[in-house]
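A short worksheet on the structure shown next.
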Amino acid sequence: MVLGLILARAGIRTTVLEKHADFLRDFRGDTVHASTLILLDELGLGEQFAALPPRWVQKLSVQLDSGTYGVADLTRLPGGHQHIALVPQWDFLNVIADASRQEPGYELIMEAEVTDLLWDTERIVGVSYSQDGQSHRLEADLVIGCDGRSSVVRERAGLRLRTFGVPMDVLWFRLPRLATDSEGVVGRISRSNLLIMIDRGDYYQIGVVIKKGSVAALHDRGIELFQQRLRDAAPWLGDRVELLKSFDDIRLLNVVLSRLSRWYRDGLLCIGDAAHAMSPVGGVGINLAVQDAVAAGRILAKPLLTGKVATTTLRKVQVRRWLPTVFTQTFQRLAHLVVVETSIAEDEAEPRPTTAPAPLRLMQRFPVLQAIPGYLLGIGVLPEHAPDFARRRVDSRTRRIPVSSK
């Protein structure tokens with residue numbers, strides 16, 4: 001969606017295909033970090049986003065049995081946003097979609113499921129998609145796969161995916177939030193349980209980290225034992241856990257960590273989760289995908305306006321985004337090893353209370369150290385900024401960039 005907006009503002013005829021009838025998907029990435037908030041300002045969409053309204057988070061903490069500890073301080077970030085925004089992703093996407101529809105040459109087709117690629121010998125020249133039970137063809141100078149971790153575009157193109165083992169899956173669900181409860185994003189590590197609680201105002205979006213592949217065993221034990229597990233981990237949830245009547249009220253996130261060795265081939269580029277599926281650790285997946293989109297838009301705009309895009313140009317996008325991808329995935333793999341695997345031991349006869357490790361205690365003694373994880377989460381390794389042709393002032397009198405008929 002972000003890339004479609006940027007390319008349309010460059011004067012490129014752009015079509016976005018969306019499989020579903022709307023963007024209403026629950027329990028997906030809903031954290032919009034400072035780097036993306038800055039980008040929205042540059043695109044002239046900051047006011048629209050702020051009007052949603054999001055929940056603003058300035059500090060992240062973790063609750064252990066021994067107390068609550070600060071982990072990341074965003075108030076020290078440079079720029080105009082010293083916070084993370086929590087907002088349903090469908091609202092974020094609707095802001096982008098509304099802005100994109102104002103651009104001539106832009107088209108968003110809903111309920112359009114890409115089923116295959118179109119080929120001219122070795123070059124990809126478009127896609128075929130189904131809509132309303134009928135098959136359609138869409139020819140294009142460049143196909144960009146933004147269709148997620150189970151990418152059809154990537155699979156049809158025959159691009160090779162490297163996967164990394166992960167020790168966990170996540171169960172997501174909602175429980176009511178009371179005015180006296182903690183605000184913002186809270187991690188809870190207690191007696192072999194790891195929970196993530198995201199403040200949504202009147203409810204919590206809660207993720208329970210479980211061992212990879214253990215969901216069937218949890219189902220066999222019944223919802224009552226899962227309810228008790230939640231009470232043990234966070235006693236203040238009390239009787240609220242009884243609102244989970246069955247596992248039908250809970251969504252499973254099958255955690256995947258992977259990346260393509262090559263993101264492109266002639267006529268095709270993959271970005272976002274289609275190129276590199278991220279772990280939910282840090283909640284950075286959506287923001288990395290947006291940064292991919294900005295870099296791709298800046299690099300591809302001129303070649304698309306002047307003719308077909310060479311594979312050497314597509315390679316520039318991967319080279320630009322390779323370091324932040326590898327760095328973030330390496331950090332996530334380390335977090336899996338150090339935190340996750342030691343926090344989700346199952347069926348311990350005598351689960352032990354959690355205590356703060358030395359690095360966490362050091363960050364409490366010297367709070368300035370919390371600015372480091374705050375920067376890595378909020379800004380990241382290589383933040384991208386909107387190219388000049390895509391920027392808009394809030395002033396509605398801003399001149400529009402003409403769109404070519406190509």
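The values are calculated or read from the model by the stated rules, or taken from the named source; none is laboratory data. Predicted model only: the values in this text are computed from it and were never measured. When we count neighbours, we look across all protein chains shown, and the Cβ atoms used for this are built from the backbone with ideal geometry, even at glycine. To get the accessible areas, we keep the full protein, side chains included, count just its heavy atoms, and leave off ligands, DNA and RNA. Shrake-Rupley method; radii C 1.70, N 1.55, O 1.52, S 1.80 Å.
Quick notes on this one:
- Kirkwood's formula applied to the C-alpha pairs of the stretch 269-339 gives a hydrodynamic radius of 13.1 angstrom.
- Contour minus Cα-Cα distance for E183 and V326 (0.36 nm per residue): 48.3 nm
- Heavy atoms of R392 accessible to a 1.4 Å probe, total area in Å² rounded to 10: 40
- Only helices enter this figure: runs of n ≥ 4 DSSP H residues, each worth -39500 (n - 2.57), summed and divided by the residues of the chain, yield -9000 deg cm²/dmol at 222 nm to the nearest 500.
- Equivalent-ellipsoid semi-axes of the stretch 21-84, from the Cα gyration tensor, Å, largest first: 26, 18, 8
- Inter-probe distance in nm under a simple model that places probes 7 Å from Cα toward Cβ, at D116 and V368: 6.3
- Taking 7 Å steps out from each Cα toward its Cβ at A310 and L252 produces label points 4.8 nm apart.
- Straight Cα distances below 27 angstrom link K308 to the lysines K19, K316, K406, with same-chain residues fewer than 8 positions distant left out.
- The stretch 88-219 - convex hull of alpha carbons, volume per residue in Å³: 198
- Accessible area of the chain divided out per residue, in Å², using a probe of 1.4 angstrom: 47
- Burial order of peptide ranges 100-106, 332-338 (average beta-carbon count within 10 Å, highest first): 100-106, 332-338
- Within the accessible area of the chain, the carbon and sulfur atoms contribute 52%, probe 1.4 Å, all protein chains present.
- Axial C-alpha extent at least 30 Å, average Kyte-Doolittle at least 0.0 - helices from the chain (DSSP): 285-306
- 5 Å binning of all Cα-Cα separations within the stretch 171-299, expressed as whole percents from 0 upward: 2, 9, 17, 19, 15, 11, 10, 8, 6, 3, 1, 0
- Percentage of interatomic Cα-Cα distances in the chain larger than 27 Å: 53
- The alpha-carbon of K245 sits under 14 angstrom from the alpha-carbons of these aspartates and glutamates, leaving out residues fewer than 8 places away in its chain: E224.
- Residue among A358, A277, A140 with the largest mean-square fluctuation in a Gaussian network model of the chain, springs linking Cα atoms under 10 Å: A358
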